[in-house]
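The values are calculated or read from the model by the stated rules, or taken from the named source; none is laboratory data. Because the structure is a prediction, the values reported are computed rather than measured. Quick reminder, even Gly has a Cβ in these numbers, built from the backbone with ideal geometry, and neighbours come from all protein chains shown.
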Amino acid sequence: MKRHPIKKQSNESEVSQLVNTFQNGVHPAGSKYLTRGAAIEQGPIPEKVYIPLSQHIGAPAVPVVEAGQKVKKGTLIAKAGQGLSAPVFSSVAGTVKGVVSHITLAGKKRDHILIENDFSEEEERLPALSSFDRESVLGRIAEAGVVGMGGAAFPTFAKLNIGQRNADYLIVNGAECEPYITCDFRIMTEMTDKFLKGVRCAMLACGAKKAIVGVEDNKPEAIDILSTHPLCLPGGAEGLDGEPVKIIVKKLKTKYPQGAEKQLIYACCKRVVPEGKLPIDAGAVVVNVHTALSVFEAVFENKPSYERVMTVSGRAVAHPKNIWVKTGTLFRDVADFCGADDTAAESIVAGGPMMGENVFSLKACTGKFSSSLLFLDKTESEVREAEPCIGCGKCVQACPMGLMPVYIESSLFAKDLESAKKFGAKSCIGCGCCSYVCPAKRYLVQSVKLAKKTIQERGI
């Protein structure tokens, strides 16, 4: 039997008639009611943490500590590797036990730094910045190891550092369009001031004079709080360089994948990212809500990135929560803290149910990329056998990139990668809309992603 990632439910959100959206997409049941009212609280304080050396896109970090060494919260334990990379910091005070091989989400063994917590809570911060010019802010973001906290984990310094160019827009992804996840919603409503000041820092770093915070209309509380904040009022924002800047809150239609970069840019400023190009080629840079908060912490609080807010949800969780989680915390510790019953879960997912990864072992641990941990029971996660395609075309109608997933899949099976490329495999964003709507429950998104990967590897 095959597992379908999320079961369709009858209580799908109403679709507003706002113009701020994109073409196609789907409307999965949000299930955010489980945690949208759960204020952020401190999560488990583990006895040991297994901190991954690879918590970002690019080269793994390089250890700079040895077994037996004492560290504090915020101590640098691994420097950035060659090329694209990010440094890693201790999330607890204690003793380094060494570099160990530990299981990852993918079920593979990779290097982690094992630290035994002494529960002293001693902390080490970065030195305070003496100036807040563009180069200093960019340098601090890199020094603090800030990466994309929405799940992609791309080093934020590299994203914002666009050379001599200035972005026209900084687009802030407040859509949080994946079902269940509410950590960004809670940040926007509970830590509004820090979040918006982090947006202002990111604007300086990429040279943008205008920022648009895109928030889906199923989060009216966040829209109201943000739009009435002094930094979002007309004439209310001044950049760190003293120049006037503008932060706009834009209400978006609730639809998946509203938070995907290309779809979000179009919904917010009606610009199209050319095929094969980056958002900056459309004059935009995109950051996530939590990323902006981490930028604030790095610039103004001198705090490196070693913990994050995480949603723990699903009907197999006794106490769904939004919690601060230390990097390297075992999923088992997170599950126990929230009363999750893994034996009652039909599927356990790290990230959202549409794009997240199945968790095969609760011995895996959290990283900077860990936005959520979901324990879905039989009412939430279907177990269905894939059947032959019936030629309905629903996957084509749902694809937000305008691709033809059914033809890409058939081309892949026929080993005709040229045709798969022609049908747009390289433009797939992996959102899973095609698999979600498929009445035959075919694994379309997996097929398209495999075709894309093979085309890239073979240089077709």
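Before moving on, here are some points about what is shown:
Yes/no per residue for (1) among the charged types (D, E, K, R); (2) touching a helix residue (DSSP H, G or I) at 6+ places or on another chain (Cβ under 9 Å); (3) outside the structural domain of S435 (by TED's automatic domain parsing):
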{"position": "G314", "(1), (2), (3)": "no, yes, yes"}
{"position": "G328", "(1), (2), (3)": "no, no, yes"}
{"position": "D333", "(1), (2), (3)": "yes, no, yes"}
{"position": "E346", "(1), (2), (3)": "yes, no, yes"}
{"position": "V349", "(1), (2), (3)": "no, no, yes"}
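- Condition met for R200 (among the charged types (D, E, K, R), out of contact with any Phe, Trp or Tyr (no Cβ under 7 Å at 6 or more places or on another chain) and either in a loop (DSSP other than H, G, I, E, B) or free of Cβ contacts under 8 Å to residues at least 24 places away in the same chain (or both)): no
- Only a single item in (1) under 20 Å from the mean Cα position of the chain (by Cα); (2) among the hydrophobic types (A, V, I, L, M, F, W, C); (3) at pLDDT below 55 is not met by V26, and it is number (3).
- Subset tally (residues that are in contact (Cβ under 8 Å) with a residue 40 or more places away in the chain and outside any strand (DSSP E or B)) for the range 70-81: 4
- Answer residue from the range 399-408, given it is in contact (Cβ under 8 Å) with a residue 40 or more places away in the chain and not in a loop (DSSP other than H, G, I, E, B) and is nearest to the chain's Cα centre (by Cα) among those: P405
- Restricting L84, L114 to residues that are not small (G, A, S) and not in a strand (DSSP E or B) narrows the list to L84.
- Criterion (buried (at least 24 other Cβ atoms within 10 Å of the Cβ) and under 24 Å from N24 (Cβ atoms)) met by exactly one of A386, A451: A451
- Within the range 301-315, tally of residues that are surrounded by 23 or more Cβ atoms within 10 Å (Cβ to Cβ) and among the basic types (K, R): 1
- Residue match in the range 415-422 (condition: out of contact with any Ser or Thr (no Cβ under 9 Å at 6 or more places or on another chain) and either polar (S, T, N, Q) or assigned to a helix (DSSP H, G or I) (or both)): no
- Being within 21 Å of G163 (Cα to Cα) and within 15 Å of the chain's Cα centre (by Cα) holds for only one residue in V287, V299, V273, V245, and it is V287.
- Helices (runs of 4 or more DSSP H) wholly inside the range 205-300 that include at least 3 residues being touching a residue at least 40 places away in the same chain (Cβ under 8 Å): 261-269, 289-300
Here's the yes/no breakdown for (1) touching a helix residue (DSSP H, G or I) at 6+ places or on another chain (Cβ under 7 Å); (2) buried (at least 16 other Cβ atoms within 10 Å of the Cβ); (3) not hydrophobic (A, V, I, L, M, F, W, C):
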| position | (1), (2), (3) |
| --- | --- |
| V215 | yes, yes, no |
| A222 | yes, yes, no |
| C232 | yes, yes, no |
| E238 | no, no, yes |
| D241 | yes, no, yes |
| L252 | yes, yes, no |
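- Test: residue in the range 376-383 that is modelled with pLDDT of 95 or more and crowded, with 24+ Cβ neighbours inside 10 Å: yes
- Put simply, of V309, V334 the only residue that is modelled with pLDDT of 95 or more, of a type in the set (V, I, T), touching a strand residue (DSSP E or B) at 6+ places or on another chain (Cβ under 8 Å) and part of a helix (DSSP H, G or I) is V334.
- Answer residue from the range 423-439, given it is among the aliphatic types (A, V, I, L, M) and assigned to a helix (DSSP H, G or I) and is surrounded by the most Cβ atoms within 10 Å (Cβ to Cβ) among those: A425
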